[in-house]
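The values are calculated or read from the model by the stated rules, or taken from the named source; none is laboratory data. The model shown is predicted, which means the values in this text are computed figures rather than measured ones. Using ideal geometry, Cβ is built from the backbone for each residue, glycine included, and neighbour counts are taken over all protein chains shown.
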Amino acid sequence: MVSIKKAYYDTPDGQIHYRYLHSSSPEKAQQDPILLLHMSAASSLYFEPLMHRLAALGYDSYAPDMPGFGQSYDPEGQPANTRFYVEAFMLLATQHGWKHFHLLGHHTGASLGIEMAATYPAQVRSLCIIGAALLFAPEQKAMADALVIAPETYPVRDGAHLLKKWNRLLAYPGFEIDVLHAQVLDQIRAWQGRRQVYTCNFAQDIMGFLGRVKCAVLAMSARESMLFEYMGRVRDVKPDAKCVTVGGGEFEVLLDVDGVYEAYKDFLDSAPHVQI
């Protein structure tokens, strides 16, 4: 198996770390790359199993760590809005000279992906959103109160936050112990970044941005996810969107990587490539 590589690129505020893996099918190497945007409070490590499958399918894939997550820099102060993150990710596309690319985002990454596709319709070929928080303002306020105001990862002197996060992820069936350990470390590291991006995320006009998306859309969610009930809203705005139920709870891409891959493969094969 080919090893996933790592690199950094510069933004005006700091360096973004990213993982990438090129196609292992030379005859398909000219396909548009795929940009993968991770959930809070994970990192690009989350996408490694999927990246190997996409490489075998013939796609180059790139997975940046959000500012405040993984090995990327920590923003100084509170970012103004979600556009801050969108522009940080677009710099990766610019620096690699991508004319077009596919976009897949999970949870927070899905929210940012929707805005990116709406803002850059000429470049985004297709959009896959997994566990998207397709919420209206009152619902966003309620979720922000739960996830921003009282997150369990704020560090405390006795280290209780470490065990609290461990036990929370341990409750999800399917985690191998080494994978669980790696995910807990990522989430503990991102205690500030999580608050920063959630503050922006739950003030985003996500449904408005979704209405401006021009490309084909695939939505996925696990039935056990707290966001499953909202997946159908994508069709209220984009009637041609495809919706697929997968497994994995809140960790669909990691705990049901084969289900996610199969649905995404079918979507990539069938999605019309809209040119603006």
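Miscellaneous remarks
- For region 203-226, the criterion of a residue being outside any strand (DSSP E or B), more than 14 Å from Glu252 (Cα to Cα), in contact (Cβ under 8 Å) with a residue 24 or more places away in the chain and among the hydroxyl-bearing types (Ser, Thr, Tyr) is satisfied by no position.
- In summary, Glu115 fulfils each of the numbered conditions (1) under 16 Å from Ala203 (Cβ atoms); (2) in a loop (DSSP other than H, G, I, E, B); (3) touching a Ser or Thr at 6+ places or on another chain (Cβ under 7 Å) with the single exception of condition (2).
- Answer from Asp74, Asp13, Asp32, Asp60 - the residue that is of a type outside the set (A, V, I, L, M, F, W, C), under 20 Å from Gln196 (Cβ atoms) and out of contact with any Gly (no Cβ under 7 Å at 6 or more places or on another chain): Asp13
- Qualifying position, being in a strand (DSSP E or B), within 19 Å of Val124 (Cβ to Cβ) and either touching a residue at least 60 places away in the same chain (Cβ under 8 Å) or small (Gly, Ala, Ser) (or both), among Leu35, Leu54: Leu35
- Within region 238-272, if we keep just the residues that are in a helix (DSSP H, G or I) and aromatic (Phe, Trp, Tyr), the residue that is farthest from Phe47 (Cα to Cα) turns out to be Phe267.
- Condition check for Val124: among the β-branched types (Val, Ile, Thr), at pLDDT 95 or above, in contact with a Cys (Cβ under 8 Å, 6 or more places away or on another chain) and more than 23 Å from Met226 (Cα to Cα): yes
- Residue identified as over 25 Å from Arg189 (Cα atoms), over 14 Å from the mean Cα position of the chain (by Cα) and surrounded by 16 or more Cβ atoms within 10 Å (Cβ to Cβ) among Gly58, Gly97: Gly58
- Some residue of region 160-173 being assigned to a loop (DSSP other than H, G, I, E, B), over 29 Å from Tyr8 (Cα atoms), in contact (Cβ under 8 Å) with a residue 24 or more places away in the chain and under 20 Å from the mean Cα position of the chain (by Cα): yes
- Count of residues meeting criterion [surrounded by fewer than 13 Cβ atoms within 10 Å (Cβ to Cβ) and assigned to a loop (DSSP other than H, G, I, E, B)] in region 174-185: 1
- Selection status of Ser72, within 22 Å of Gly131 (Cβ to Cβ) and in contact with a helix residue (DSSP H, G or I) (Cβ under 7 Å, 6 or more places away or on another chain): no
- Members of region 2-32 found to be part of a loop (DSSP other than H, G, I, E, B), in contact (Cβ under 8 Å) with a residue 40 or more places away in the chain and closer than 24 Å to Tyr120 by Cβ, listed by number: Thr11, Asp13, Gly14, Asp32
- Every residue from region 143-172 that is touching a helix residue (DSSP H, G or I) at 6+ places or on another chain (Cβ under 8 Å) and not hydroxyl-bearing (Ser, Thr, Tyr): Ala144, Leu147, Val148, Pro151, Glu152, Pro155, His161, Leu162, Lys165, Trp166, Leu169, Leu170
- The set of residues from region 208-239 being of a type in the set (Gly, Ala, Ser), loosely packed, with under 15 Cβ neighbours inside 10 Å and farther than 22 Å from Val124 by Cα comprises just one member, Gly232.
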